[in-house]
Amino acid sequence: MFSNNQIFAAPLAGITDKPFRRLIRMFSPTAPIVTEMISCHSLVGAHKNCLRNFDHYDDEGNIGTQIFGADVALMAEAAKILQDAGATWIDINMGCPVPKVASRAGAGAHLMQDHVLAGKIMSAVVQAVQIPVSIKTRLGWDDAHCDWLDLINVAAQSGVKFATLHGRTRAQMYVGPAVLPQISKNIPIPIIANGDIRTTDDVNRVMNLGYSGAMVGRGLLGRPWALAQIIGDAVQTDIGTIVLKHLEYMLEYYGERAAIPMFRKHAAWYSAGIANSTDFRIKVNSITDAATLKMLICEFWGCTGAV
């Protein structure tokens, strides 16, 4: 899995939806990309208010679909649904720190505290599908419980093929620098590094620590070309045209009413650090129709409006 491209796009809730993944693919045709996390309850129940429950992945290349939940049977059923939808591999979320997932739902990072349940979920998912299964986790619940290696060993025994390790505890959330441990040759499955990875130097640093690959998360915000840039590909970034294309993909997927407010955060990330970006973001936040938003984008970046 890692021979062609070892630089992954991370699952980012509310970010790595189908429109954004299409943009990443423009720059990185073969890179492994992980979808934003999908609730096993919502997926199996085919909840209509969640569009990603109905995504198909046959045209997305090397795509991992991430699921979360604490119900063993539902997690297995969700994995089968995603396999049938064209996923390349299944990723199990065992690191999401937000309270509604890690506390109230007993999923995500909570599974770092319950290795017995985690093992049951991993085994059930592995047995349910014919494609590889991975997990994404953290160092541990807090500084007193950094037992990530124990969970990795359970994963290996359950048939999981590789794991991604985020270099923070659940207690840290996303605050403070990510600190990734050295990877021993005795660790039974490949480990992908995640956390504060934005540049080629960051990737080289974690590779020297023994990791088998690196996963870029927040470094993708406003930079769908980041994976290509890290591996040294020549990237032509006509940002205004890219922003317009992203907006078009979102309008196509969500419809105008939902897409416009959802796009505002992307507009802020694309424009960060550019002169007059504060005024641009203020204007974007007041716009409710696509035509006006496209005009503002073209005015800000000096593009023609053609995508």
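The values are calculated or read from the model by the stated rules, or taken from the named source; none is laboratory data. All values reported here derive from a predicted model rather than from experimental measurement. A quick note on method: Cβ atoms are made from the backbone with ideal geometry, for glycine too, and the neighbour counts reach across all protein chains shown. Surface areas here come from the heavy atoms of the whole protein model, side chains and all, with no ligands, DNA or RNA. Shrake-Rupley method; radii C 1.70, N 1.55, O 1.52, S 1.80 Å.
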| Would it be correct to say that Ala214 is modelled with pLDDT under 95 and either touching a helix residue (DSSP H, G or I) at 6+ places or on another chain (Cβ under 9 Å) or not polar (S, T, N, Q) (or both)? | no
Sole miss for Tyr174 among (1) hydroxyl-bearing (Ser, Thr, Tyr); (2) open to solvent by 40 Å² or more (accessible area, probe 1.4 Å); (3) touching a helix residue (DSSP H, G or I) at 6+ places or on another chain (Cβ under 7 Å); (4) not in a helix (DSSP H, G or I) is condition (3)
Residue check, Val154 touching a Lys or Arg at 6+ places or on another chain (Cβ under 9 Å) and either more than 23 Å from Ala79 (Cα to Cα) or in a helix (DSSP H, G or I) (or both)
no
Here the residues within the stretch 18-28 that are within 22 Å of Ala193 (Cα to Cα) and either part of a loop (DSSP other than H, G, I, E, B) or open to solvent by 10 Å² or more (accessible area, probe 1.4 Å) (or both) are Arg25, Phe27, Ser28
Scanning the stretch 106-136 residue by residue, the ones that are in a helix (DSSP H, G or I), in contact with a Leu (Cβ under 9 Å, 6 or more places away or on another chain) and open to solvent by 30 Å² or more (accessible area, probe 1.4 Å) total 3
- [ ] Could you tell me whether the stretch 64-81 includes any residue that is modelled with pLDDT under 95, of a type in the set (Gly, Ala, Ser), in a loop (DSSP other than H, G, I, E, B) and surrounded by fewer than 18 Cβ atoms within 10 Å (Cβ to Cβ)?
- [x] no
So, first residue within 15 Å of Ile63 (Cβ to Cβ) in the stretch 21-50, second residue of a type in the set (A, V, I, L, M, F, W, C) and open to solvent by 80 Å² or more (accessible area, probe 1.4 Å), Cβ within less than 9 Å, six or more apart or across chains; the pairs are Ser28/Ile231; Ala31/Ile231; Pro32/Met1
Output for Cβ contacts, cut-off 6 Å, separation at least six or different chains, first residue more than 13 Å from Leu293 (Cβ to Cβ) and in contact (Cβ under 8 Å) with a residue 40 or more places away in the chain in the stretch 252-273, second open to solvent by less than 50 Å² (accessible area, probe 1.4 Å) and among the basic types (Lys, Arg), reads Tyr253/Lys18
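Per-residue answers, yes or no, for (1) of a type in the set (D, E, K, R); (2) assigned to a helix (DSSP H, G or I); (3) within 19 Å of the chain's Cα centre (by Cα):
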position: Asp233; (1), (2), (3): yes, no, no
position: Gly240; (1), (2), (3): no, yes, no
position: His246; (1), (2), (3): no, yes, yes
position: Arg257; (1), (2), (3): yes, yes, no
position: Asp279; (1), (2), (3): yes, yes, no
position: Ser286; (1), (2), (3): no, no, no
position: Leu296; (1), (2), (3): no, yes, no
Taking the stretch 29-49 and keeping residues out of contact with any Asp or Glu (no Cβ under 9 Å at 6 or more places or on another chain), open to solvent by less than 10 Å² (accessible area, probe 1.4 Å) and under 18 Å from Gln83 (Cβ atoms) leaves Pro32
* Check the stretch 147-158 and report whether any residue there is surrounded by 22 or more Cβ atoms within 10 Å (Cβ to Cβ) and at pLDDT below 90. => no
Apart from one, (1) assigned to a loop (DSSP other than H, G, I, E, B); (2) under 20 Å from Pro224 (Cα atoms); (3) not charged (D, E, K, R) all hold for His266; the odd one out is (1)
Quick check: is even one residue across the stretch 97-105 open to solvent by 50 Å² or more (accessible area, probe 1.4 Å), in contact (Cβ under 8 Å) with a residue 12 or more places away in the chain and in a helix (DSSP H, G or I)? no
- Message: Any residue at all in the stretch 213-220 that's among the β-branched types (Val, Ile, Thr), under 22 Å from Gly64 (Cα atoms) and open to solvent by 50 Å² or more (accessible area, probe 1.4 Å)?
- Response: no
